[in-house]
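Participant: First the structure, which I've put down as structure tokens, then a few questions once you've had a look.
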Amino acid sequence: MPPARVFRRAGLTSLAAAASLLLTPALAHAWEIPAEEIAERAESIPDGYGDQCKVFAQRVVNEVLADHGIRARVGGYGTPGGAYFGAYERAGGLLIGPESGQRGDLIQVIRPEHRNKDFPPTRDRDNESILHTAIILETVRPGVYKVRDSNYVAWETIGTHRWRPLEWRERGVEVYVWRFGRAPDPVVVPSAHVAVGATPPARSLRA
């Protein structure tokens, strides 16, 4: 959250305004599209070659954004903030609690100290995966999802499976869930970021 600013009027500090800024959550913006369209697009792509997990998710989200005439895109390598975190943030994604994901949200698992890097490690010292991206198709129960992704069921292959990403925290990763559209649950992590080069036709959500 950006630091609160204290406004001065007629040479006096407005303590009321300062207190209001400190207590008011930052506004966050979501694209005014149904989030489930992202899940529907992911389901429409048949099993088979899907490239790396991030590439598949990027393709799905960008196609849906383009269908709605939204100029923002999930970027790749070289995106400020990294291809695995900043790319989603700059495309207008909202961070959702890891147990609050819904149909159409994206799950990004990565070690937090590497989240802004383009080339974070993919395996830990025990050869366990510590980097993955998936699209939620269904919430089985809080934190447990049916997902569609690539490079999980087999090398660079699209597939559907059940996943509880919070289990991966034992490997030192963090679970980030991104929302790009409207969903029944509007609870989000406060963020003041708006996609670069675009003004989202969006409603404001408060955490």
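The values are calculated or read from the model by the stated rules, or taken from the named source; none is laboratory data. This one's a predicted model, so the numbers in the text were calculated from it and none came from an experiment. Glycine gets a Cβ as well: all are built from the backbone with ideal geometry, and neighbour counts include every protein chain shown. Quick note on the areas: whole protein, heavy atoms, side chains included, nothing else; ligands and nucleic acids left out. Shrake-Rupley method; radii C 1.70, N 1.55, O 1.52, S 1.80 Å.
Participant: Quick check on VAL147: is it out of contact with any strand residue (DSSP E or B) (no Cβ under 9 Å at 6 or more places or on another chain) and either modelled with pLDDT under 95 or in a strand (DSSP E or B) (or both)?
Facilitator: Numbers: out of contact with any strand residue (DSSP E or B) (no Cβ under 9 Å at 6 or more places or on another chain): no; either modelled with pLDDT under 95 or in a strand (DSSP E or B) (or both): yes.
Judged against the criteria, VAL147 is not a match.
Participant: Hey, among the residues in segment 150-169 that are assigned to a strand (DSSP E or B) and of a type outside the set (Gly, Ala, Ser), which one's nearest to ARG59 (Cα to Cα)? Give the steps one after another, and end with the answer.
Facilitator: To start, the set of residues in segment 150-169 that are assigned to a strand (DSSP E or B) comprises 150, 157-163.
Still in the running and of a type outside the set (Gly, Ala, Ser): 157-158, 160-163.
Numbers: THR157: 14, ILE158: 13, THR160: 17, HIS161: 19, ARG162: 21, TRP163: 21 Å.
Filtering segment 150-169 for residues that are assigned to a strand (DSSP E or B) and of a type outside the set (Gly, Ala, Ser), the one nearest to ARG59 (Cα to Cα) comes out as ILE158.
Participant: Would it be correct to say that VAL55 is among the β-branched types (Val, Ile, Thr), open to solvent by 30 Å² or more (accessible area, probe 1.4 Å), in a helix (DSSP H, G or I) and at pLDDT 95 or above? Walk me through how you get there before you give the answer.
Facilitator: Values: among the β-branched types (Val, Ile, Thr): yes; open to solvent by 30 Å² or more (accessible area, probe 1.4 Å): yes; in a helix (DSSP H, G or I): yes; at pLDDT 95 or above: yes.
Yes.
Participant: Now, a different point. Tally the residues that are touching a Leu at 6+ places or on another chain (Cβ under 9 Å) and either at pLDDT below 95 or open to solvent by less than 20 Å² (accessible area, probe 1.4 Å) (or both), restricting the search to segment 150-192. Walk me through how you get there before you give the answer.
Facilitator: Within segment 150-192, the subset touching a Leu at 6+ places or on another chain (Cβ under 9 Å) is 160, 173, 175-180, 186-192.
From what is left, the residues that are either at pLDDT below 95 or open to solvent by less than 20 Å² (accessible area, probe 1.4 Å) (or both) are 173, 175, 177-180, 186-192.
Counting residues in segment 150-192 that are touching a Leu at 6+ places or on another chain (Cβ under 9 Å) and either at pLDDT below 95 or open to solvent by less than 20 Å² (accessible area, probe 1.4 Å) (or both) gives 13.
Participant: Continuing with this model, one more query. Scanning segment 92-134 for residues that are in contact with a helix residue (DSSP H, G or I) (Cβ under 7 Å, 6 or more places away or on another chain), closer than 19 Å to ALA42 by Cα and assigned to a loop (DSSP other than H, G, I, E, B), which turns out least open to solvent (accessible area, probe 1.4 Å)?
Facilitator: GLY104
Participant: Within the set of pairs 6+ apart or on separate chains, which have a first residue in segment 151-171 that is without any contact (Cβ under 8 Å) to a residue 40 or more places away in the chain, a second that is of a type in the set (Gly, Ala, Ser), and C-beta atoms under 7 Å apart?
Facilitator: Once the first residue is without any contact (Cβ under 8 Å) to a residue 40 or more places away in the chain and sits in segment 151-171, its partners that are of a type in the set (Gly, Ala, Ser) give VAL153/GLY159; ARG164/GLY143.
Participant: TYR84 - would you say it is at pLDDT 95 or above, open to solvent by 10 Å² or more (accessible area, probe 1.4 Å) and assigned to a helix (DSSP H, G or I)?
Facilitator: On the way: at pLDDT 95 or above: yes; open to solvent by 10 Å² or more (accessible area, probe 1.4 Å): yes; assigned to a helix (DSSP H, G or I): yes.
Spelling it out, TYR84 is indeed at pLDDT 95 or above, open to solvent by 10 Å² or more (accessible area, probe 1.4 Å) and assigned to a helix (DSSP H, G or I).
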